[in-house]
Amino acid sequence: MTVALKDILTSLGPNHHLVIQLLRRLAPISRAELCDHMNVTQAAVSMLVRDLIKWGYVLEGDRRQGRRGPPQIDLKLNADSLFSIGIHADLHGIYLSLVDFSGKMRAEVQFQNRFETFEAAKQTITHGARDLLEKCGHSINELVGAGLAIPTTFSADGIGISLAEDMHYWRGSDVAKDLSTMLGCPVMVENDASAASVGELTMGNPDGKDSFFYVYLSGGIGGAIVINGQLFRGERGNAGEIGSLRKRTQFRPSFDDLVFEIEKAGLSHPEGRDNDIWESFLETIPELRNRWIERAAQELTLLIHATYAILDLPTIYVGGTLPFSLRSQLCEKVRQIWPEKKQTANSECPMIQPSLLKTRSSAAYGAGALVLHRVAQEGNTGHIKFQSGKISA
């Protein structure tokens, strides 16, 4: 592939991008079925598909005989045409996910380290991205974009970003500009909870829910809102930030709080945030674990109740870096105590379940998937308008 293919993609019209979106979600699908979803003529769909096949974005598959009329030809995206890289970075490590044009994760890698300077993180990200692509038989030139998911909020002007306290070493850097230069593609910066919610929408979410609230339990607490299959970011990009409802000095259902309770008990714990290592460790402290779940579930119920009362969304997913077994038990406990917390007779418990996305980092995969979503939404402007990555000093 060549850089020209990326240029073509970002200059396509909205109907071309709509075809790509539908194929990413519904393939294999025929031209006739695309007509039904797009509410346009078959001639118009045929022209759009012809263009996309010519440029290498769409492939024809098998013929299938319908009940009436001539056989239909299945269409699908050319997964190898372009790629995105999703990056999740926090103080404990960096996770990279390589996402192909169809939205599937091809490969992932994690680097457990305390990246206390952005320069060190930037070098790791660049080399890691090149290695992932090369192992899959592709080159850095085939990246259409990269997404960086970090624990952050966006400033009042919607341009600058404010990092979590434990990543203050990165402040003063323009992470989007610097990474874009290194990777040779546009880079967008997104809050880790928002990125993870897009990962849930794209590859998790087995029931196909297109409207839900996503609770992100990591070092802190985050949240994101998905409505009708689209991430709702709000005016500045901070929609869903439920962590602001609880002071950091209060008990919070977060990874940092769990670590605090373990250290307060005089126990040592694993470094980093590797899920498998922590799962094994938690089996050795069942009493402390159960006490923490009892308290954390009470706090999580209050947060979920607040979001449910305001948004009335039918589904709550609980994701993040907190070990999966803890998230699963928290969801079960919240469902049990919900009747005690509801304020009105019709305040029924929504569907509350842990994220089922099987990946080292849902935020990394989601950041890569979000690039593809954003290209489809904004590519027809001639360039990809991603969030600036200037970190406030």
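The values are calculated or read from the model by the stated rules, or taken from the named source; none is laboratory data. All values reported here derive from a predicted model rather than from experimental measurement. Here the Cβ positions follow ideal geometry from the backbone for every residue, glycine too, while neighbour counts run over all protein chains shown. Only protein heavy atoms, including side chains, enter the accessible area calculation; ligands, DNA and RNA are left aside. Shrake-Rupley method; radii C 1.70, N 1.55, O 1.52, S 1.80 Å.
Observations, loosely collected:
- For the chain, modelled as a GNM whose springs connect Cα atoms under 10 angstrom apart, the maximal fluctuation among CYS185, CYS35, CYS349 occurs at CYS35.
- Ranked by how many other beta carbons lie within 10 Å on average, peptides 144-153, 315-324, 260-269 from highest: 144-153, 315-324, 260-269
- Part-to-part distance (alpha-carbon centres) for region 199-246 and region 270-320, which is given in Å: 16
- Residues SER280 and ASP174, FRET efficiency given R0 of 41 Å [Cβ-Cβ distance, rounded to 0.05]: 0.55
- For the pair GLU116 and ILE53 in one chain, pulling the backbone fully straight at 0.36 nm per residue adds 18.1 nm over the alpha carbon distance.
- CYS136/ASN39 FRET efficiency (R0 41 Å; Cβ-Cβ; nearest 0.05): 0.65
- Subset of LYS54/LYS122; LYS104/LYS209; LYS122/LYS358; LYS76/LYS358; LYS104/LYS333; LYS122/LYS209 violating a 30 Å alpha-carbon distance limit: LYS54/LYS122; LYS104/LYS333; LYS122/LYS209
- Over the residues of the chain, the helix contribution to mean residue ellipticity at 222 nm works out to -13000 deg cm²/dmol, using -39500 (n - 2.57) for each DSSP H run of at least 4.
- For region 286-355, the dipole from Cβ point charges (+1 on Lys and Arg, -1 on Asp and Glu) about the Cα centre works out to 140 debye, to the nearest 20.
- Ranking ILE73, SER355, TYR216 by how far each Cα lies toward the positive end of the dipole of the chain (charges on Cβ) leaves ILE73 at the top.
- Between ALA306 and SER328, the FRET efficiency estimated from the beta carbon spacing at R0 = 25 angstrom works out to 0.70.
- The string of couplings for region 293-310 from the Karplus curve (6.51, -1.76, 1.60, θ = phi - 60°) is 4, 4, 6, 5, 5, 4, 5, 5, 4, 4, 5, 5, 4, 4, 5, 5, 5, 7 Hz, one whole number per residue in order, with x for Gly and Pro.
- Peptides 14-21, 271-278, 36-43 ordered by average Cβ neighbours within 10 Å, highest first: 14-21, 271-278, 36-43
- Selected from LEU23, LEU82, LEU133 as most flexible by GNM, with the chain as the system and alpha-carbon contacts under 10 Å: LEU23
- For ALA107, the residues whose amide H sits under 5 Å from its own are LEU98, ignoring neighbours fewer than 5 places away on the same chain, with H placed 1.01 Å from N.
- Inter-probe distance in nm under a simple model that places probes 7 Å from Cα toward Cβ, at SER155 and ILE73: 5.3
- Each principal axis of the Cα cloud of the chain was taken in turn, and the coordinate range along them, longest first, works out to 68, 53, 41 Å.
- Residue ranking by accessible heavy-atom surface, 1.4 Å probe, largest first, among LEU183, LEU356 comes out as LEU356, LEU183.
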